[in-house]
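For reference, the structure discussed in these notes is given below.
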2 protein chains.
Amino acid sequence: MTQKIETALAGIRYPSVPEGLYEPIAYTLSAGGKRLRPTLLLMAYGLYRDDVEFALPAAIALETYHNHTLLHDDLMDQADVRRGRPTVHRRWDANTAILSGDEMLILAFRHMLRQPVADQGRKDELLRLFADTMQEICEGQQFDMNFESREDVSEAEYIEMIRLKTSVLLACALKAGALIAGAPVRDTQLLYQFGEKVGLAFQLQDDYLDCYGDPAVFGKEIGGDIRCGKKTYMLISALGRADGRQREILLSRNVEHVLSCYDELGIPALCREKIDTIYGEARQAYDALPLPLSRKRALWEYAESMMNRKK
Amino acid sequence: MTQKIETALAGIRYPSVPEGLYEPIAYTLSAGGKRLRPTLLLMAYGLYRDDVEFALPAAIALETYHNHTLLHDDLMDQADVRRGRPTVHRRWDANTAILSGDEMLILAFRHMLRQPVADQGRKDELLRLFADTMQEICEGQQFDMNFESREDVSEAEYIEMIRLKTSVLLACALKAGALIAGAPVRDTQLLYQFGEKVGLAFQLQDDYLDCYGDPAVFGKEIGGDIRCGKKTYMLISALGRADGRQREILLSRNVEHVLSCYDELGIPALCREKIDTIYGEARQAYDALPLPLSRKRALWEYAESMMNRKK
């Protein structure tokens with residue numbers, strides 16, 4: 001699946017001029033990554049039809065859109081590196097990042113426009129789904145920025161933020177794939193729910209593994225989020241339960257102290273429980289999908305691999 | 001017409017949260033301006049049908065998109081003021097300008113999606129026209145940025161840049177209005193050509209009036225473009241004809257000296273001729289429109305008012 005996506009991305013011919021506009025786009029889209037969103041879209045399409053190439057324009061639309069958000073987020077965060085290479089605003093400049101990022105949003109829209117759908121009457125639904133999702137992601141990004149300067153973010157607010165910032169695009173990918181294939185309405189809804197829950201569980205798992213993962217498997221040093229004071233599910237739920245002394249420790253950014261404070265407050269178990277609950281809801285949506293196991297099993301296995309449960 | 005547009009813009013209810021995302025958008029869209037693009041769209045629609053409110057979603061889409069470009073252009077240019085008020089990146093900050101600008105592009109897309117068309121089979125054509133136009137405008141903006149650091153820009157390159165940056169959106173507005181109304185294909189093409197030529201003539205006229213306009217009518221001080229070294233049609237065509245001594249004067253940014261050098265080189269007549277030729281082409285497209293004068297006269301009068309020929 002990933003190979004089909006890489007081939008399609010590599011096959012896009014951008015106009016040769018103006019170079020300053022299209023070079024950073026080709027640079028960004030050739031940097032690899034897991035291609036999670038287009039893969040989910042093609043997998044959902046593949047639940048109903050075998051000619052997965054049919055859904056490639058929409059898959060490319062989602063990947064182009066996702067990379068647009070990374071490009072502009074990196075500029076807003078002043079991040080230097082993305083996937084082992086200088087970010088666009090470092091390799092070129094801020095104005096290039098702004099304009100090439102805008103162009104990627106337009107290109108994403110164009111890719112989605114050229115996506116045929118099995119049932120032509122549902123093209124509008126596909127485009128609206130995409131537009132709604134992009135708007136939600138902008139809102140999620142704004143909430144994330146707002147939370148940086150707040151210390152009273154509630155767990156519910158945090159969950160809603162990551163739902164908007166991360167989950168809805170996975171949900172959109174799955175629903176879009178099914179919609180393009182002409183799947184029944186209820187299936188598209190179940191796949192949306194499945195994607196939403198997997199996305200939440202995935203993000204919470206990421207927060208959890210930053211503290212309790214095996215660095216060899218997780219691929220990052222333990223405690224990175226703590227050191228940079230990032231508001232994660234762990235930190236937010238701990239702050240909500242802390243007394244004055246513990247609060248001070250939690251905000252100290254000292255990995256060892258913060259981790260033992262998490263233990264004191266029972267945060268690891270609480271976080272695991274939350275992940276398991278949400279992942280269980282994803283499983284329910286998956287189980288309710290009225291498709292033979294032989295057809296749908298690969299989707300669950302992909303979710304498992306996303307959750308780092310297999311390596 | 002403008003009243004209908006202002007009412008529609010004022011009637012948009014943005015989500016109340018996140019404030020940081022939607023406040024700058026409402027701020028930007030309430031700042032007034034000529035509302036040229038939505039007006040042209042409604043006028044083109046009005047050539048064929050009387051219920052102009054029908055085309056308001058598309059009109060609002062174009063105005064929202066246009067303001068997205070202004071917001072991001074102001075950030076790239078580090079401009080402090082727009083329509084007598086602080087620009088978004090000054091009143092808020094750069095990150096707000098980036099994200100709210102992105103959201104405006106998405107909102108523009110959403111407005112266009114909810115636009116019904118008289119002939120449902122042509123909805124795709126409307127969306128593709130919009131997407132193509134947005135991509136061309138990005139390219140125009142990039143060429144404009146490239147030209148700032150070049151002294152060998154040719155007249156043809158300059159004309160192509162302003163066609164992309166300015167004209168295609170006026171052309172798109174007119175074609176979109178006609179398309180929504182179900183106009184014959186040839187009419188939509190003629191309206192596109194008309195908009196493209198009027199847009200070019202309008203921009204060249206703007207360059208001309210900066211040097212030779214009546215400040216009382218033009219509303220700006222004479223020579224502003226010369227003082228800031230802006231590459232206008234006047235400067236580019238003068239540089240193309242200048243010897244070494246004249247070249248030095250032209251790059252001096254001294255209004256009086258540059259203007260007399262323009263006179264030496266016959267630039268004012270050359271520029272007027274170019275404007276007249278292009279405006280004549282706009283007139284040809286207008287004349288070819290197979291509609292009764294009583295129906296189409298208002299469109300020509302609007303073009304005349306844009307060209308500052310009436311005040």
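Quick notes on this one:
- Solvent-accessible heavy-atom area per residue, rounded to whole Å², over chain A at 1.4 Å: 41
- What you get for chain B, charging only the Cβ of Lys and Arg (+1) and of Asp and Glu (-1), is a dipole of about 920 debye around the Cα centre.
- Residue mean of other protein chain beta carbons inside 10 Å, B:90-99: 4
- Sequence-separation-based contact order of the range B:172-248, relative, with Cα cut under 8 Å and 6+ spacing, percent: 18
- Partner aspartates and glutamates for residue A:34 [C-alpha distance under 13 Å; skip if fewer than 8 residues away on the same chain]: A:6, A:63
- Taking label positions 7 Å along the Cα-Cβ direction at both residue A:276 and residue B:272, the computed distance is 8.6 nm, reported to one decimal.
- Gyration tensor verdict on the range A:184-296 (Cα atoms; rounded if a/c is under 1.5, prolate if a/b is larger than b/c, oblate otherwise): prolate
- Angle in degrees between helix A:19-29 and the longest Cα principal axis of chain A, rounded to the nearest 10: 70
- Across the range B:112-124, computed HN-Hα scalar couplings (Karplus, 6.51 cos²θ - 1.76 cosθ + 1.60, θ = phi - 60°) run 5, 4, 8, 7, x, 10, 4, 10, 3, x, 9, 4, 4 Hz from first to last residue, x flagging Gly and Pro.
- Mean per-residue shielding of peptide A:76-87 is 1, counting Cβ atoms of other chains within 10 Å of each Cβ.
- Here the 3J(HN,Hα) profile of the range A:92-104, calculated from phi with Karplus coefficients 6.51, -1.76 and 1.60 at θ = phi - 60°, is 9, 8, 4, 5, 4, 5, 5, 6, 5, x, 4, 4, 5 Hz, Gly and Pro shown as x.
- Report summary: the helix-based calculation at 222 nm, which adds -39500 (n - 2.57) for every DSSP H run with n ≥ 4 and divides by the residues of chain A, gives -22500 deg cm²/dmol.
- Mean separation of Cα pairs under 8 Å and 6 or more residues apart, divided by the residue count, gives the range A:1-183 a relative contact order of 30 percent.
- If the segment from residue B:152 to residue B:227 were pulled out straight at 0.36 nm per residue, it would be longer than the present Cα-Cα gap by 25.1 nm.
- In terms of the mean number of neighbouring beta-carbon atoms within 10 Å, the peptides B:244-253, B:199-208 order highest first as B:199-208, B:244-253.
- Proximity of backbone amide H atoms, modeled 1.01 Å from N, is registered between residue B:82 and B:87 at under 5 Å, excluding neighbours fewer than 5 places apart on the same chain.
- Distance from the Cα centroid of the range A:71-131 to that of the range A:160-220 is 19 Å (rounded to whole angstrom).
- Rounded, prolate or oblate (a/c below 1.5 giving rounded, otherwise prolate when a/b exceeds b/c) for chain B by Cα gyration tensor: oblate
- Förster radius 56 Å - calculated FRET efficiency between residue B:2 and residue A:284 (Cβ-Cβ, nearest 0.05): 0.55
- Peptide B:136-147 - average C-beta neighbours from other chains (10 Å radius): 5
- Using 0.36 nm per residue and subtracting the Cα-Cα separation, the extra length available between residue A:241 and residue A:118 on full extension is 39.1 nm.
- Applying the criteria of a DSSP loop state and at most 16 other Cβ atoms within 10 Å to the chymotrypsin sites (Phe, Trp or Tyr not before Pro) of the range B:233-307 yields no site.
- Dipole size of the range A:1-183 about its Cα centre, with +1 on Lys/Arg Cβ and -1 on Asp/Glu Cβ: approximately 800 debye, rounded to the nearest 20.
- Crossing angle, helix A:255-264 versus chain A [Cα axis fit, 0-90 degrees, rounded to tens]: 80
- Electrostatic dipole magnitude of the range A:184-296 [Cβ: Lys, Arg +1; Asp, Glu -1; Cα centre; debye, to 20]: 300
- Residue-wise HN-Hα couplings along the range A:135-140, as the Karplus relation 6.51 cos²θ - 1.76 cosθ + 1.60 with θ = phi - 60° gives them from phi, are 5, 4, 5, 4, 5, x Hz; Gly and Pro carry x.
- Farthest toward the positive end of the dipole of the protein assembly as shown, out of A:250, A:236, A:70, is the Cα of A:70, where the dipole comes from beta carbon charges about the Cα centre.
- For the range B:1-135, carbon and sulfur atoms together expose 49% of the accessible surface, with a 1.4 angstrom probe and every protein chain in place.
- Sites residue B:256 and residue B:214 - FRET efficiency at Förster radius 22 Å, r taken between beta-carbons, to 0.05: 0.80
- Descending by average beta-carbon neighbour count within 10 Å, the peptides A:135-142, B:12-19, A:179-186 line up as A:135-142, A:179-186, B:12-19, the highest first.
- Label sites at residue B:264 and residue B:305, each approximated as a point 7 angstrom past Cα along Cα to Cβ, lie 4.3 nm apart.
- Whole-number percent relative contact order across chain A, with pairs defined as alpha carbons under 8 Å at least 6 apart: 17
- Positive dipole terminus of the range A:184-296, leading residue within A:267, A:212, A:192 (C-beta point charges): A:192
The values are calculated or read from the model by the stated rules, or taken from the named source; none is laboratory data. Here the structure is a predicted model, which is why all the values come from computation and not from measurement. Don't worry about glycine lacking a Cβ; one is built from the backbone with ideal geometry, like all the others, and counts go over all protein chains shown. Side chains included, ligands, DNA and RNA excluded: accessible areas come from the protein's heavy atoms. Shrake-Rupley method; radii C 1.70, N 1.55, O 1.52, S 1.80 Å.
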